[in-house]
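The values are calculated or read from the model by the stated rules, or taken from the named source; none is laboratory data. The structure presented is a predicted model; accordingly, all values stated were derived computationally and were not measured. Methodologically, a virtual Cβ is constructed for each residue, glycine included, from the backbone with ideal geometry; neighbour enumeration extends over all protein chains shown.
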Amino acid sequence: NTKKLGLIIGSLRKDSINRMVAEYIVSQLPENIEVEEIEIAQLPLYNQDYDKQTIESYDQVRQKIKEVDTVLIVTPEHNRTLPAALKNVIDIASRPHGDSAWSGKKVAVVTASPGTYGGRECGLDVRKSMQALSAKVMIAPEVYLSHASDSIEDGKVSNEKTQQYLTKFADALVQFIEE
Ligand code: FNR
């Protein structure tokens with residue numbers, strides 16, 4: 001039966017490596033998994049005062065996260081932690097207090113970077129937040145893809161070893177979604 005996967009890309013830029021990595025992972029998923037991107041670029045910066053009013057874009061993103069079975073976050077690391085836009089959507093969907101969209105939600109995290117460490121500290125920080133929010137975090141395999149730009153050609157993941165590595169992750173993700 002059909003499962004819904006919400007995809008959050010932590011990078012806002014057009015030629016994002018993380019978007020390419022996400023596209024490769026998505027290309028490896030079976031047809032019964034419906035993928036929908038959860039857009040984060042236009043969300044106003046979270047302000048707790050807004051909990052008392054209606055912000056349409058907040059309601060939409062909270063609703064989308066509640067609707068999907070699993071959220072896949074594919075993100076770069078900014079200054080050794082989460083990019084601000086990713087932190088923003090995590091905060092928005094965690095509120096109002098008592099109505100968090102993350103509670104009990106299945107969440108998988110992938111980071112990719114052109115650098116040596118693959119965005120690992122960001123990946124660990126996302127997991128930390130998700131754990132605090134009582135999300136069900138996919139434990140393994142952990143993917144912090146280093147030297148990611150070396151695996152890309154013409155906007156696609158082309159390196160065979162990287163493809164195999166990401167396919168292994170995609171297979172585990174399917175198991176996690178179906179669990
Ligand atoms: C970076 N980058 C980066 N990379 C990394 O591995 N660790 C880090 O802490 C940082 N910090 C950082 C801060 C800021 C503000 C920027 C703009 C960039 C480099 C980053 O990994 C690189 O730009 C990636 O290409 C970003 O991912 P996307 O946008 O290609 O998906």
Of the conditions (1) crowded, with 20+ Cβ neighbours inside 10 Å; (2) of a type outside the set (S, T, N, Q); (3) not in a strand (DSSP E or B), Gly6 satisfies every one except a single condition; which number is it?
(3)
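Taking the conditions exactly as written (in contact (Cβ under 8 Å) with a residue 12 or more places away in the chain and more than 30 Å from Asp154 (Cα to Cα)), does Gln42 satisfy them or not?
Against the criterion (in contact (Cβ under 8 Å) with a residue 12 or more places away in the chain and more than 30 Å from Asp154 (Cα to Cα)), Gln42 does not qualify.
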So which residues in region 160-179 are under 17 Å from Val74 (Cβ atoms) and out of contact with any Leu (no Cβ under 9 Å at 6 or more places or on another chain), if there are any at all?
Gln163, Thr167, Lys168, Phe169, Asp171, Ala172, Phe176
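Could you check how many residues of region 66-79 are farther than 25 Å from Tyr24 by Cβ and either within 16 Å of the ligand (Cβ to nearest atom) or at pLDDT below 95 (or both)?
Taking region 66-79 first, the residues farther than 25 Å from Tyr24 by Cβ are 66, 79.
Add one more test, that the residue is either within 16 Å of the ligand (Cβ to nearest atom) or at pLDDT below 95 (or both), and what stays is 79.
So the count comes out to 1.
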Conditions (1) surrounded by fewer than 18 Cβ atoms within 10 Å (Cβ to Cβ); (2) modelled with pLDDT of 95 or more; (3) not in a helix (DSSP H, G or I); number of the one not met by Asn1
(2)
Conditions first: (1) more than 11 Å from the ligand (Cβ to nearest atom); (2) under 13 Å from the mean Cα position of the chain (by Cα). Cys122 passes all but one, so which condition is the exception?
(1)
Return the residues of region 38-68 that are exposed (fewer than 15 other Cβ atoms within 10 Å of the Cβ) and either within 15 Å of the chain's Cα centre (by Cα) or of a type in the set (Lys, Arg) (or both); say none if nothing qualifies.
Ala41, Lys52
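Yes or no, residue by residue, for (1) in contact with a Pro (Cβ under 7 Å, 6 or more places away or on another chain); (2) closer than 20 Å to Leu7 by Cβ:
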| site | (1), (2) |
| --- | --- |
| Pro96 | no, no |
| Lys106 | no, yes |
| Val110 | no, yes |
| Gly119 | yes, yes |
| Asp125 | no, yes |
| Ala132 | no, no |
| Val157 | no, yes |
| Lys161 | no, no |
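To keep it simple, each residue is scored yes or no on (1) in a helix (DSSP H, G or I); (2) β-branched (Val, Ile, Thr); (3) within 16 Å of the ligand (Cβ to nearest atom); (4) modelled with pLDDT of 95 or more.
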| site | (1), (2), (3), (4) |
| --- | --- |
| Ala22 | yes, no, yes, yes |
| Pro30 | no, no, no, yes |
| Glu34 | no, no, no, yes |
| Ala41 | no, no, yes, yes |
| Leu45 | no, no, no, yes |
| Asp59 | yes, no, no, yes |
| Lys64 | yes, no, no, yes |
